[in-house]
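Novice: Once you've had a glance at the structure underneath, I'll fire off some questions.
The values are calculated or read from the model by the stated rules, or taken from the named source; none is laboratory data. On a predicted model such as this, the values are computed, not experimentally measured, just so you know. Neighbour counts run over all protein chains shown; Cβ positions are idealised from the backbone, glycine included. For accessibility, only protein heavy atoms count, side chains too; no ligands or nucleic acids. Shrake-Rupley method; radii C 1.70, N 1.55, O 1.52, S 1.80 Å.
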Amino acid sequence: MTASDSGAAPVVPALLEVRDLKVHFPIREGLIFERHVGDIRAVDGISFSMARGETLGLVGESGCGKSTTGRAIIRLYDPTAGNVVFDGVDTTSLDRSGLKAMRRRMQMIFQDPYASLDPRMTAGGIVAEPLDIHGVGAKRDRQDRVRELLATVGLNPDYAERYPHEFSGGQRQRIGVARALALEPDLIIADEPISALDVSIQAQIINLLERLQGRLGLAYLFIAHDLSVVRHISDRIAVMYLGRIVEVAGSKELNTAPLHPYTVALLSAIPIPDPVVESRRRRIILKGDVPSPANPPTGCRFHTRCWLRERLGDPEVCSAEDPGLRELSPGHTVACHFAEQVDGSAEQVQAVGARPAAGAAPAAPASRPEPPTHPQVPASA
Amino acid sequence: MALLSVEDLVVRFRTHEGTIHAVNGVTFELEEGERLGLVGESGCGKSVTNLAIIRLLPKPAGRIEGGRVLFDGQDLTVLPEAEVRDIRGSDIAMIFQDPMTSLNPVLTIREQMVETIQAHRKVTKAEAEKRAVELLAMVGIPKAADRLKDYPHQFSGGMRQRVMIAIALALEPKLLIADEPTTALDVTIQAQVLDLLRNLTTEQGTALVLITHDLGVVAGMTQRINVMYAGFIVETATTADLFAHPSHPYTIGLLHSVPRLDAVEGEELIPIEGRPPDMRRAPTGCPFAPRCAWRLEACWADNPGLRALSGEETVVTTGERATHRSACHNPPTAEEAAAGRPLRAGFTAAPPPSGAIDELGGTTANIDDFGGLVAAIEAEESPIEPFPSAAGLPLPPEPERRNDGI
């Protein structure tokens, strides 16, 4: 029982609600007398909620805190501050047994199917382990349940006696999915579940996850760096940058009308497998690298690399004031002082690879002539 | 004469687990200043082809067992090691996926760049250093002169790859081979590096072989593409042709199995069934047959060579007019290519060779809790037929990852 629980019961309870979550990792110096000299602010105050059966995509580049967020939700990391409310229960205050019960309803799929499966356990043993730990069903029944789970993820149940090294990467990831399904959870946190897999195998796993969701009413928190994959599977998408959520919108809207300069740049950077589209697009090349989360920039964290700020003549407010998330249209929130300027800009139109047939003349005048990003090579020297 | 001409290249690895048939007769040419993409999944032989060209196959396991590699008229496969070393770096340069493992961690950037320049050019140390600063500035490293004294770990991933590009282009090579140069980088950094690579090779007229699994990357970067599968080139065309009229079932499969950013809402992904082949088996028949929806009986026994789609006899191998060729007995039609699956009425794929079972689809479990789920998934997951994949053999260990080198 925590303070937040004693408040009024929510009318339509969200399955998951994250409130001002912070996860800081201390930086220590010195051998014997360790001094706390600073913090890596991996996740620095994020809030979002998820409904039952929904897929929320959490997207961002490495180091933005998306994986840390996933791990803090399931309490693999202890949050530094903030609350994670899962089905009305604040998980940040749970004790061991409370956590165990909570984790029965919240499972995780990891990125690397080579590292996340115990090489000394059989596929069947790996899938049965959660059932054993939580004492679900009689021992005899568990065998059947394991076979059924393997079949569910498209593996031959007769392979239950085999060891992980006997499976390919895609099959191992299927084992990981079967294990996550074993306890019939409400929420699955999938942390880059396909990025270690071969291209032709990735689609197998995405389709499997989609079908399972349709049948079992699962909610997914789908964490990935690849916006085109996230767009495909998600209902809503939250974009993270340097420990903060900078934009949240419906999947379609985020891709057709992104409002944060970072989202626009991220979209424009994704190559599209079509040379015709590619030759028409102009990339926004962000300058430099992501700043260190130990010492994030003041004000808006993206201001050091922002193309819009440069365009607007470096307004003071960007480096002075931290923009909070604002709701610009229903369900579309963005953390940018000048998000209105993004809408309809040439960059926004270009980034989404919009066809010129749409007839959408760029609302904002292209303030500087941009060289074509894809110059033709002279036939040969 | 073409700058680079690879003729019927065969590369095998002798390991204690058997012979790996990595490259099984690859032929292609590259003109000066041309940008070629080599596309395929891990284990398809694209990186090994590259290593064989520059004679850097891991010894003693990897060997060129057939074919020639002509660079500027010289056969690199028979040239003495010392001469190959001269060519490497000065005429042919390389960039690898992981800049951290390609840069020496205990030497400063200055030492590594000066060493490269002085190894191939008769210049003083001061001149080499001046050139190094120019190069670092060219690849967009701020405060280039100050950063020369830094070690690789003091650079970020994107910056390290820039340093690699600077070193690779230091001697104005005629050919640059970039093996998954941006796979380890974030997407915004990838955009920076690709932009740089494109501009510099264009300015210097450097020919580029870009090896990648990412169809999006080659779409914007190359003029011509070879699609590789199981050590064979299965389709080759200009970039425009390949994406406008993909013809080999594997190419079509790849295009349909990655979600596109500009996809129409609700577009389904069509995965390629099964999994990549076990390269320890000597190839018989079409290597893609076990995963192919279009396969015929003939595909099991006979591996079709590359043939012009138009049926022409004369084949243009390079440049903008390169002939679109595909290695397939039963090429999908344009409608099928767009749909990603066979559409011909009455067409059924050939059955697998005797005794094969489906590795992923062979499920007969009881259906209780999940209420018809298994059957439904099976029915949905295999809009065509479930295809046998491993030919019923025990599954071998498969330690490779998506982005492996060789």
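Novice: Counting C-alpha atoms alone, how compact is chain A: give Rg to one decimal and Dmax as a whole number, in angstrom.
Specialist: 22.9, 75
Novice: A follow-up question, please. Restricting to DSSP loop positions (anything but H, G, I, E, B) with no more than 14 other Cβ atoms inside 10 Å of their own Cβ, which GluC sites (Glu not before Pro) remain in segment A:25-71?
Specialist: Of the GluC sites (Glu not before Pro), the ones in loops of segment A:25-71 whose Cβ has at most 14 other Cβ atoms within 10 Å are A:E34.
Novice: Residue separation times 0.36 nm, minus the C-alpha to C-alpha distance between B:M1 and B:R341: what's the value?
Specialist: Result for the pair: 118.4 nm of gain on full extension.
Novice: Can you give me the accessible area per residue for segment A:258-351, using a 1.4 Å probe, in Å²? Mind dumping the intermediate values first?
Specialist: Numbers: 3670 Å² over 94 residues.
Value returned for segment A:258-351: 39 Å² of accessible area per residue.
Novice: Return the single residue from B:E313, B:E34, B:E134 with maximal mean-square fluctuation; model: Gaussian network over chain B, springs between Cα atoms under 10 Å.
Specialist: B:E313
Novice: Related question: Antiparallel versus total DSSP beta bridges in the protein assembly as shown: what percent is that, nearest 5?
Specialist: Of the beta bridges lying entirely in the protein assembly as shown, close to 60 percent run antiparallel.
Novice: A follow-up question, please. Which one of B:L175, A:V342, A:T80 has its Cα pushed farthest toward the positive end of the charge dipole of the protein assembly as shown, where Lys and Arg give +1 and Asp and Glu give -1 at the Cβ?
Specialist: Farthest towards the positive pole: A:T80.
Novice: Only Lys, Arg, Asp and Glu count, each charged at its Cβ (+1, +1, -1, -1), so figure out the dipole size of segment A:120-184 about its Cα centre, rounded to 20 debye. Spell out each step's value before the answer.
Specialist: Values: 10 positive and 9 negative charges, 23 e Å.
Using Cβ point charges on Lys, Arg, Asp and Glu, segment A:120-184 gives about 100 debye.
Novice: Let me ask another. In degrees between 0 and 90, to the nearest 10, how far off the longest principal axis of chain A does helix A:199-216 point, with axes built from Cα atoms?
Specialist: The answer is roughly 60 degrees.
Novice: Now for a separate question. Assuming a ≥ b ≥ c are the square roots of the Cα gyration tensor eigenvalues, decide whether the protein assembly as shown counts as rounded (a/c under 1.5), prolate (otherwise, with a/b larger than b/c) or oblate.
Specialist: oblate
Novice: Starting at 0 and stepping by 10 Å, how many percent of the alpha carbon pairs of chain B end up in each bin?
Specialist: 4, 21, 29, 24, 14, 6, 2, 0
Novice: Taking a probe of 1.4 Å and counting only protein heavy atoms, give the total accessible area buried between chains A and B in Å², rounded to the nearest 100. Mind showing how you got there, number by number?
Specialist: Values: alone 19130 and 19710 Å², together 32260 Å².
It comes to approximately 6600 Å² buried between A and B.
Novice: Run the helix sum for chain A: -39,500 (n - 2.57) per DSSP H stretch of 4+ residues, divided by residue count, reported at 222 nm to the nearest 500 deg cm²/dmol.
Specialist: -8500 deg cm²/dmol
Novice: Here's a follow-up. How big is the dipole moment of the protein assembly as shown about its Cα centre under a simple scheme where the beta carbon of each Lys and Arg is +1, that of each Asp and Glu is -1, and everything else is neutral? Debye, nearest 20, please. Don't skip to the answer; put the middle values down first.
Specialist: Working: 79 positive and 102 negative charges, 241 e Å.
Rounded to the nearest 20 debye, it is 1160 debye.
Novice: Let me ask something else about it. Can you return the aspartates and glutamates within cross-link range of B:K130? Criterion is Cα-Cα under 19 Å, with same-chain partners fewer than 8 residues away left out.
Specialist: Qualifying aspartates and glutamates at Cα under 19 Å: B:E111, B:E115, B:D146, B:D150, B:E172.
Novice: Residues of segment A:222-255 losing 20 Å² or more of accessible area relative to the isolated chain, 1.4 Å probe, heavy atoms only?
Specialist: Hits at the 20 Å² cut-off: A:H225, A:S228, A:R231, A:H232, A:K252.
Novice: Return the long-range amide H neighbours of B:G25 (sequence gap of 5 or more, or a different chain), with a cut-off of under 5 Å between placed amide H atoms.
Specialist: Long-range HN contacts for B:G25: B:L9, B:V10, B:V11.
Novice: Using a 1.4 Å probe on the protein heavy atoms only, what accessible surface does A:C336 show? Give it in Å² to the nearest 10.
Specialist: Approximately 10 Å² of A:C336 is accessible to the 1.4 Å probe.
Novice: Rolling a 1.4 angstrom probe over the protein chains, ignoring ligands and nucleic acids, what is the accessible area of A:T122 in square angstrom, nearest 10?
Specialist: Roll a 1.4 Å probe over it and A:T122 shows about 30 Å².
Novice: When chain B is modelled as a GNM with alpha-carbon springs shorter than 10 Å, which of B:E235, B:E203, B:E129 fluctuates the most?
Specialist: Checking each option, the largest mean-square fluctuation is seen for B:E203.
Novice: State the answer as a single residue: which of A:V153, A:Q173, A:A138 lies farthest towards the positive end of the charge dipole of segment A:120-184, with beta carbon charges of +1 for Lys and Arg and -1 for Asp and Glu, about the Cα centre.
Specialist: Value: A:Q173.
Novice: Too long at a 28 Å Cα-Cα cut-off: which of A:K66/B:K149; B:K59/B:K149; A:K22/B:K149; A:K287/B:K46; A:K66/A:K287?
Specialist: The pairs that break the limit, which is 28 Å between Cα atoms, are A:K66/B:K149; B:K59/B:K149; A:K22/B:K149; A:K287/B:K46.
Novice: Continuing with the same structure: If ligands, DNA and RNA are left out, what is the accessible area of B:M159 with a 1.4 Å probe, given in Å² to the nearest 10?
Specialist: 20
Novice: Find the relative contact order for chain B and round it to a whole percent, using C-alpha pairs within less than 8 Å whose residues are 6+ positions apart.
Specialist: In percent, rounded to a whole number, it is 18.
Novice: For segment A:137-202 and segment A:28-45, what is the centre-to-centre distance using only Cα atoms, to the nearest Å?
Specialist: Here the two parts' Cα centres lie 38 Å apart.
Novice: Would you mind checking which residues have amide H under 5 Å from B:R307's amide H? H placed 1.01 Å from N; only 5 or more apart, or other chain.
Specialist: B:S326, B:A327, B:C328
Novice: Treating only the Cβ of Lys, Arg, Asp and Glu as charged (+1, +1, -1, -1), what charge dipole size does segment A:258-351 show about its Cα centre? Round to the nearest 20 debye.
Specialist: Numbers: 10 positive and 12 negative charges, 63 e Å.
Its charge dipole is roughly 300 debye.
Novice: For segment A:258-351, with equal point scatterers placed on the C-alpha atoms only and solvent neglected, what are the log10 I(q)/I(0) values from the Debye formula at q = 0.11, 0.16, 0.17 1/Å, to two decimals?
Specialist: Treating every Cα as an identical point scatterer, log10 I(q)/I(0) equals -0.34, -0.70, -0.78.
Novice: May I ask for the angle, rounded to the nearest 10°, between helix A:123-133 and the longest principal axis of chain A, with both axes built from Cα atoms and the value confined to 0 to 90°?
Specialist: For helix A:123-133, the angle is close to 80 degrees.
Novice: Over chain A, what is the percentage of antiparallel beta bridges among all DSSP beta bridges, to the nearest 5?
Specialist: Taking every DSSP beta bridge with both residues in chain A, the antiparallel ones total about 60 percent.
Novice: Only sites in a loop by DSSP and with at most 11 other Cβ atoms within 10 Å count here; which trypsin sites (Lys or Arg not before Pro) in segment A:55-156 make the cut?
Specialist: A:R120
Novice: Assign one of three labels to segment B:24-153, namely rounded, prolate or oblate, based on the Cα gyration tensor with a ≥ b ≥ c the square roots of its eigenvalues; rounded applies when a/c is under 1.5, prolate when it is not and a/b is larger than b/c, and oblate otherwise.
Specialist: prolate
Novice: Taking the Cβ-Cβ separation of B:V264 and A:E327 as r and a Förster radius of 30 Å, what is the calculated FRET efficiency to the nearest 0.05? Write down the numbers at each step before the final one.
Specialist: Details: r = 28 Å, r/R0 = 0.93.
Working from the Cβ atoms, E equals 0.60.
Novice: Between A:R140 and A:K100, take the C-beta separation as r, use R0 = 22 Å, and let me know the FRET efficiency to the nearest 0.05.
Specialist: Working: r = 24 Å, r/R0 = 1.08.
With a Förster radius of 22 Å, E is 0.40.
Novice: Return the sequence-ordered ³J(HN,Hα) values of segment A:265-282 in whole Hz as given by the Karplus equation 6.51 cos²θ - 1.76 cosθ + 1.60 applied to θ = phi - 60°, using x for Gly and Pro.
Specialist: Running phi through 6.51 cos²θ - 1.76 cosθ + 1.60 with θ = phi - 60° gives 5, 4, 4, 5, 7, 7, x, 9, x, 7, x, 5, 5, 4, 5, 8, 7, 10 Hz.
Novice: Accessible area per residue for segment A:100-204 in Å², computed with a 1.4 Å probe and the full protein assembly in place, what is it?
Specialist: On the way: 3640 Å² over 105 residues.
Computed with neighbouring chains in place, this is 35 Å² per residue.
Novice: Taking H placed 1.01 Å from N in the peptide plane, check which residues at least 5 places from A:I109 or on another chain put their amide H under 5 Å from its amide H.
Specialist: For A:I109, the qualifying residues are A:I189, A:A190, A:D191.
Novice: Still on this structure: Do the sum for chain B: with -39,500 (n - 2.57) for every DSSP H run of n ≥ 4, divided by all residues, what is the mean residue ellipticity at 222 nm, to the nearest 500 deg cm²/dmol?
Specialist: Details: 14 runs with 125 residues, N = 406.
Using -39500 (n - 2.57) per qualifying helix, the result is -8500 deg cm²/dmol.
Novice: Express in whole angstrom the spacing between the alpha-carbon centres of segment B:162-225 and segment B:85-159.
Specialist: The distance from the Cα centre of segment B:162-225 to that of segment B:85-159 comes to 17 Å.
Novice: No partner Cβ under 4.7 angstrom, meaning no disulfide-compatible partner by this rule: which Cys of chain B qualify?
Specialist: B:C44, B:C292, B:C328
Novice: Let me know the shape class of segment B:98-205, please: from the alpha-carbon gyration tensor, a ≥ b ≥ c as square roots of the eigenvalues, rounded when a/c is under 1.5, otherwise prolate if a/b is greater than b/c, or oblate. Don't jump to the answer; show the numbers that get you there.
Specialist: Numbers: a/c = 1.68, a/b = 1.25, b/c = 1.34.
It is oblate, given that a/c is not under 1.5 and a/b is not larger than b/c.
Novice: Let me ask something else. Zone of A:D158 (label point 7 Å along Cα→Cβ, backbone N under 19 Å): which residues in segment B:253-288?
Specialist: Backbone N within reach: B:274-275.
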